[in-house]
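The values are calculated or read from the model by the stated rules, or taken from the named source; none is laboratory data. Here the structure is a predicted model, which is why all the values come from computation and not from measurement. Cβ atoms come from the backbone with ideal geometry, glycine included; neighbour counts cover every protein chain shown. To get the accessible areas, we keep the full protein, side chains included, count just its heavy atoms, and leave off ligands, DNA and RNA. Shrake-Rupley method; radii C 1.70, N 1.55, O 1.52, S 1.80 Å.
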Amino acid sequence: MAASVVFYRLLLRMCPREFRDNYGDQAIETFAEISRQRADRRGRLAAWSFRASAYVDILVTALREHAAAIGSDVTYALRLMAKSWVSSAVVVVTLAIAIGVGATVFSAIEAVLLTPLPYDDPAQLVFIFDRPLDQPAAHGSETSLPNSLDWPQLAQSFSAIGSYANWTPTRTGAAVPQALPGQVVTGDFFRVLGVRPRLGRTLSEGDARPGAPYTIVISESYWRQAFGGASDVIGKTVLLNDLSYRIVGVLPGEFVMPRAASLNGHTSDVYRALPNNASERDAHYLITIARLRPGFSAQAAQGDMDRVAGLLRARFPVANANLAEHVVPMSVQLFGAARLMLSIALAAVVGIVLIACLNVSNILLGRIAERERELAVRLAVGASRRRLIGQLFVESAVLAVAGGTLGLVLCGLLVRVLPALRFDLPRIELVHVTPVVLLFTLGLTFACAIGIGTLPALTLTRARISGALDDAGRSGSGTRGKFTRSTVVVLELALALALVTGSGLLVRSFVALSAIDIGFKYDGVVASNEIMLPARRYPTVASQLAFAHALDRSLAGQPDLQSPGLMVSTPLSNENYNAEGFRIQGRPSTAGANRTVEYNAVTPGALQSLRLHLLRGRLINAGDTEHSSPVAVVTKAFARESFPSGSPIGQRIVIAYGANPPWGRTIVGVVDDFKMESLTEAPMAQVIVPLYQDMMPTFQVVGRTRVSNERLASEISLAVRSIDRELPARHVDAYAAFVSGQRSSASTAAILLGFIALLGLLLASLGTYGVVAYSVGQRAREFGIRRALGANAWAIASSVLVGVMALCGAGILLGLALSAAGARAISALLYHVSPFDPLTFFAVALTLSATALGAAAAPALRATRVDPVAILRHD
Amino acid sequence: MKLSTAAFFVLVALAQGKRHGYAIIKDVEALTGGEVVLLPGTLYRLINQLFVDKWIVEVPGGANDDPRRRYYRLSANGRKALSSEVARLEDMVKVARKGRLLVGGA
């Protein structure tokens, strides 16, 4: 045979089998004949030009034939869908739920985790935190300026290191003084992030030199708000804390500070440079960020910083005693918790998709059983098995595409609701349906099509289909089909159990977290933001004292505030002060070294409004002033650590904070422990002194109220500004909202997984219902005969329910194994709950059994109502 | 139902009597003066469609025919479809002529 014909035969193989069988030989023959004829009569060129177009033609024919076959399959599938529209609707809705929830979780992952940080080459950015050398697992904390300025000289892994701290200056000079959210930053801060200014320049080393002129850069939003977006803003001056600052630049609108919660769009308005000669080496108040040199990993940088920290410990044995550094990639620090939570949600979604596919597979298996005769006939008249399987997959694809489309609609709705649910996920408001989400949905839909089509297709490959012709079709699917369907239900129940167990553990954890006694009665308690007395106008302790007394008196006269007071460090505010030079009189001074003692100063009202639980002695009262003898109230943890045997009342301690020299004080009271930093912290040793006996220029107003925050804020602002017109307005926050915010991470996990688990349970019960209902339908004849022979309704029903319990038992066993494996993964999210909490496991198994039995109840009832006469007559 | 050009010519070729595939190609080529040359893939796809639509039927070859070939002829349905298509085309030509006369006369 000529090569040109062989090639044609080869191309013909691209056509569908049916076409080849019917017309292949003739097409080849015709091709050969024309080819020969052209060559003979018109020459080789004409022959080759014919062959070339015939090659293209046969390929086009192949494509069109395939398209026609798929088109007719799709039409057929749509007709089938319409025929059994109830089960089709169940299938489509089931898939829509799975795909919709899957796409939603993925869109959250895209927004929260896959959106790059808004900085140059964000993968190279890290945080550097202090940590105690002897506590490798401790949370990182703030760094000190002298240390962070030494690091660039000593470390090799970083191209730039920068630090920042909160700064809330008061803009004066305008009609109403205004507190501006701001930052002090070191000279290299903007270089680390790679910020390009919108106007002018950013801050650099020159601005941080001691004695450099006062300069600031401002945010784009503040530029628009305060300067109307004027382009000549550069060079203008503003008065901040009574000092004149020159504006040198405007930051781009998209700039945000690298801080987990703040990435949700909170910006600072003003930034000034931190003079690089400042402060003591043991004053830790800076967040430090750094850019890795190309080729350096965070691990390499950690090794580098271990070495550098060792050098500095040797050089500054007192200030840097027990000080080590901790390098954390920026994305891990900011999104680590969210990543864990979303990974768990993703795993749960995989569970849901599997349950949905198994469910749908079972429904399709049932349908195939009904069509067994039709399929057998088609096989008998010569349709190839492959063709029928192809058709089944087209049916699955049609169902999956319908489900995927509806799922996308569901995702579009959920994505809109998601940010409003106030989940504790950074950047969640960025969530929307992007092209990547569409692509993911398409992939998931495709996976579902394969997932739901495989089991039905497998049954077709079995020989028994051809045997269906002999049979009347009544006993249709044999024990094997029933076994397959039962196995599917067991798998579904097991997956659902694992999901419910996971969410059950998270709910238990949330309950445990909610039950934490935070040590004070926060309902109705409010705290203002900080009042800072500028050093220029309040240079002396006496002037600060005068202000504090005046404010305390003025607040006491406010009818909306009960027991108001001033407090230097309010609970859960993240602004805590470590006591310095602490020791117990009558003991060697080393006894108290290396002990962390939290230091606080208050006026009497503050402790009353928090309603701390007094264990011994007395609270700080109005008699404790700068003129009375120094006293202190301590917490239970302090008493236990410092005076394990015997009462601390009447004991003397020496303690101080900041500029004040250590004073000797008498302990007059012990209060129960209360939380200062987070809900889950261990009790902290705290010493609380009267503010008037250790005056500090920074404090907050604390009190109880029944009026709105806004009203109270204006009343407090009025009180403050009646004493000093130059001080800015205050706002207040309610503790109740604050505490629930602290619990929101736990509730987010519980709600997220709980919702998905509930869907899983629902789908699994639907699946159980389907299988039981089907098997009751199959056994109608058996039930009818048994009824005719005198079996009572209960015997019939229990024979159905026993079957369900067997399925359920198998599902529970498999599910428990699955849960045990999965529980490890969520253990990091659990608080005071073991990942193998027996109570949760038991409750979940019980729930699952109840659900399965509930799903089986209706079919079981139907089984008892089978009319024996009708059944026997049908025979 | 509107026929494709190729299908139309295949029906015309088969209107003359039973033909095998290659003969159809040759007939169509001759009928159109070499304008329409059907390629084998297209031809058998058309034959399959016309067969499924029951416009043509397969007939056994005669004693003088090549036994390896398969022969087709028009069915009654096919003949009806072809004449209605011819009528449709005639109407269209009439309309076009009328239109051109009117335009030309203006």
Exercise. Residue-wise, which Karplus ³J(HN,Hα) couplings in Hz belong to the stretch A:406-414, taking 6.51 cos²θ - 1.76 cosθ + 1.60, θ = phi - 60°, and x for glycine or proline?
Worked result: 5, x, 5, 4, 4, 4, x, 6, 4
Problem set entry | Among A:228-237, A:793-802, the order from most to least packed when residues are scored by Cβ within 10 Å on average | A:793-802, A:228-237
Problem set entry | Peptide-level mean, for A:18-25, of C-beta atoms on other protein chains within 10 Å | 3
Problem set entry | Number of partner chain Cβ atoms within 10 Å, mean per residue of B:17-24 | 2
Problem set entry | Lysine pairs with alpha-carbon atoms under 20 Å apart, the protein assembly as shown, spacing 8 or more or separate chains | 10
Exercise. Based on the mean of other beta carbon atoms within 10 Å per residue, what is the order of A:509-518, A:406-415, A:756-765, A:214-223, most packed first?
Worked result: A:756-765, A:214-223, A:406-415, A:509-518
Seminar exercise, completed: Sorted largest first, the C-alpha extents of chain A along its principal axes in whole angstrom are 113, 90, 53
For this session: Can you pull out the buried accessible area for chains A and B, both sides counted, probe 1.4 Å, rounded to the nearest 100 Å²?
Result: 1800
For this session: Only Cα pairs under 8 Å and at least 6 apart count here; give the relative contact order of the stretch A:1-74 as a rounded whole percent.
Result: 40
Exercise. In percent, what relative contact order does the stretch B:21-106 have, based on Cα pairs under 8 Å that are 6 or more apart in sequence?
Worked result: 19
Seminar exercise, completed: Given A:842-853, A:356-367, the highest-first ranking by average Cβ count within 10 Å works out to A:356-367, A:842-853
Exercise. What is the Rg over Rh value, at two decimals, for the stretch A:3-83, using alpha-carbon atoms and the Kirkwood definition of Rh?
Worked result: 1.18
Seminar exercise, completed: Partner shielding of A:57-66, as the mean number of partner chain Cβ atoms within 10 Å, equals 4
Exercise. In whole Hz, what ³J(HN,Hα) sequence does the stretch A:97-107 give by Karplus (6.51, -1.76, 1.60; θ = phi - 60°), x for Gly and Pro?
Worked result: 4, 4, 5, x, 5, x, 5, 5, 4, 5, 5
Exercise. What are the trypsin sites (Lys or Arg not before Pro) within the stretch A:1-54 that DSSP puts in a loop, where the Cβ has at most 13 other Cβ atoms within 10 Å?
Worked result: A:Arg13
Exercise. What do you get for Rg/Rh over the stretch B:5-105 if you use C-alpha atoms and the Kirkwood form of Rh?
Worked result: 1.10
Problem set entry | For the stretch A:3-83, accessible area per residue (1.4 Å probe, heavy atoms of protein chains only), Å² | 58
Exercise. So which trypsin sites (Lys or Arg not before Pro) in the stretch A:133-232 pass both tests, a DSSP loop state and at most 16 other Cβ atoms within 10 Å of the Cβ?
Worked result: A:Arg201
Exercise. Given H placed on each backbone N at 1.01 Å, which residues far from A:Arg616 in sequence or on other chains put an amide H within less than 5 Å of it?
Worked result: A:Val670
For this session: Would you mind calculating the relative contact order of chain A from Cα pairs under 8 angstrom and at least 6 residues apart, reporting the percent as a whole number?
Result: 14
Seminar exercise, completed: The set of residues whose placed amide H lies less than 5 Å from the amide H of A:Thr635, leaving out same-chain residues fewer than 5 positions away, is A:Val671, A:Gln686
Exercise. Residue by residue through the stretch B:30-39, which ³J(HN,Hα) values in whole Hz follow from phi under the Karplus form 6.51 cos²θ - 1.76 cosθ + 1.60 (θ = phi - 60°), with glycine and proline marked x?
Worked result: 5, 4, 9, x, x, 5, 10, 10, 7, 9
Exercise. Around A:Ala324, which amide H atoms from residues at least 5 apart in sequence, or from another chain, sit under 5 Å from its own amide H, with H modelled in the peptide plane?
Worked result: A:Arg131, A:Leu133
